[in-house]
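Here is the structure we will look at, set down as structure tokens.
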Amino acid sequence: MIYNSEQPMPLSNWTILCDFDGTISVEDVIDSLLDRFGKPGWEVLEQDWRAGRIGSRECMSGQVDLLKMTRDELDTHLAGLWIDHAFPGFVAKARALNVPIRVVSDGLDYAIHKILGRYGLDDLPLAANHLAPAPPPKQWQLTSPFQADGCRSGTCKCACVAQARASGPGTKTLLIGDGASDFCAADRVDFVFAKHRLIEHCRAAGIPYAPITGFEDALDLLPRLLDGSLLEDHAPQPALSVPY
């Protein structure tokens, strides 16, 4: 069948799971908040997390306890944070191709909604930690509605992958991410668009991936992912026979 520009595209069997901090956003939101509003002690939690002594959920919960800011100060700060300039176009392209896209983040839901809302994208499905006012003497508290048993992250991205796969027979999953919070999920998806540290992880683990610097690259790669040519380019190569 030939599709013209007025006909809907056929439904894709791909689902996109996309990290937020450092992937959609230009900078890490929680880091920027801690740098500006964090009371002493958040750095120790950060060091414990990086050393593997605690998980990201425990780390971020403790760090959010140390944020001293009003809602107005929070909103003003978030108004100065930006996303990749090509992300709105990427979302529009995915929607035009009937490819579901969900933001999966170990960050803060309030911040993500506020930032994406400036671009008219706060209707994107989101899995993230929940930021809410706390009773005195604290100002803010963190809860993790998307955690999972046995996972130390606030948002279990592996569980998000499993949910996406269960959405229909033959569903394939694309992960777009940049760092350590994406490592585990990258092992479970069908393909990865990788930035920064995630590139090295995928390369070392033999995970099919394409390196990107931003969503301009992702826009170019998406049609080739959907038509299968990108997977063919990154298929495992047979071992070469060695003559004796």
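Considering only region 66-104, state which residues are touching a residue at least 12 places away in the same chain (Cβ under 8 Å), in a helix (DSSP H, G or I) and either of a type in the set (D, E) or over 30 Å from G41 (Cβ atoms) (or both).
Those that are touching a residue at least 12 places away in the same chain (Cβ under 8 Å), in a helix (DSSP H, G or I) and either of a type in the set (D, E) or over 30 Å from G41 (Cβ atoms) (or both): E73, D75, F87, P88, G89, F90, V91, K93, A94, A96.
Which pairs have Cβ atoms under 7 Å, sit 6 or more apart or on different chains, and link a residue in region 132-155 that is at negative phi and touching a residue at least 12 places away in the same chain (Cβ under 8 Å) to one that is part of a loop (DSSP other than H, G, I, E, B) and among the hydrophobic types (A, V, I, L, M, F, W, C)?
Q139/M69; W140/A134; Q141/A134; F146/C156; Q147/C156; T155/F146
Output the residues belonging to region 189-213 that are on the phi > 0 side of the Ramachandran plot and under 14 Å from the mean Cα position of the chain (by Cα).
H196
T173 fails exactly one of the following numbered conditions: (1) part of a strand (DSSP E or B); (2) closer than 22 Å to D28 by Cα. What is the number of that condition?
(2)
Residues of region 24-81 being on the phi > 0 side of the Ramachandran plot and within 22 Å of the chain's Cα centre (by Cα), which ones?
G52
So in region 168-187, with the set limited to residues that are touching an Asp or Glu at 6+ places or on another chain (Cβ under 7 Å) and farther than 14 Å from I16 by Cα, which one is surrounded by the most Cβ atoms within 10 Å (Cβ to Cβ)?
The extreme case among them is S181.
Can you work out which of the residues in region 15-40 that are of a type in the set (G, A, S) and touching a helix residue (DSSP H, G or I) at 6+ places or on another chain (Cβ under 8 Å) is surrounded by the most Cβ atoms within 10 Å (Cβ to Cβ)?
Among those residues, the one meeting the criterion is S25.
Name every residue in region 186-231 that is assigned to a loop (DSSP other than H, G, I, E, B), touching a residue at least 60 places away in the same chain (Cβ under 8 Å) and of a type in the set (A, V, I, L, M), in order of residue number.
Once the filter is applied, which keeps residues that are assigned to a loop (DSSP other than H, G, I, E, B), touching a residue at least 60 places away in the same chain (Cβ under 8 Å) and of a type in the set (A, V, I, L, M), region 186-231 yields only V189.
Looking for something farther than 28 Å from H130 by Cβ and either at pLDDT 95 or above or surrounded by fewer than 23 Cβ atoms within 10 Å (Cβ to Cβ) (or both) - is there at least one such residue anywhere in region 147-166?
No; the residues of region 147-166 include none that is farther than 28 Å from H130 by Cβ and either at pLDDT 95 or above or surrounded by fewer than 23 Cβ atoms within 10 Å (Cβ to Cβ) (or both).
In region 1-22, what residues are small (G, A, S) and modelled with pLDDT under 95?
Within region 1-22, S5, S12 meet the criteria.
The values are calculated or read from the model by the stated rules, or taken from the named source; none is laboratory data. A quick note: this is a predicted structure, and the numbers were derived from the prediction, not measured. Ideal geometry is used to build each Cβ from the backbone, glycine not excepted, and the neighbour counts take in all protein chains shown.
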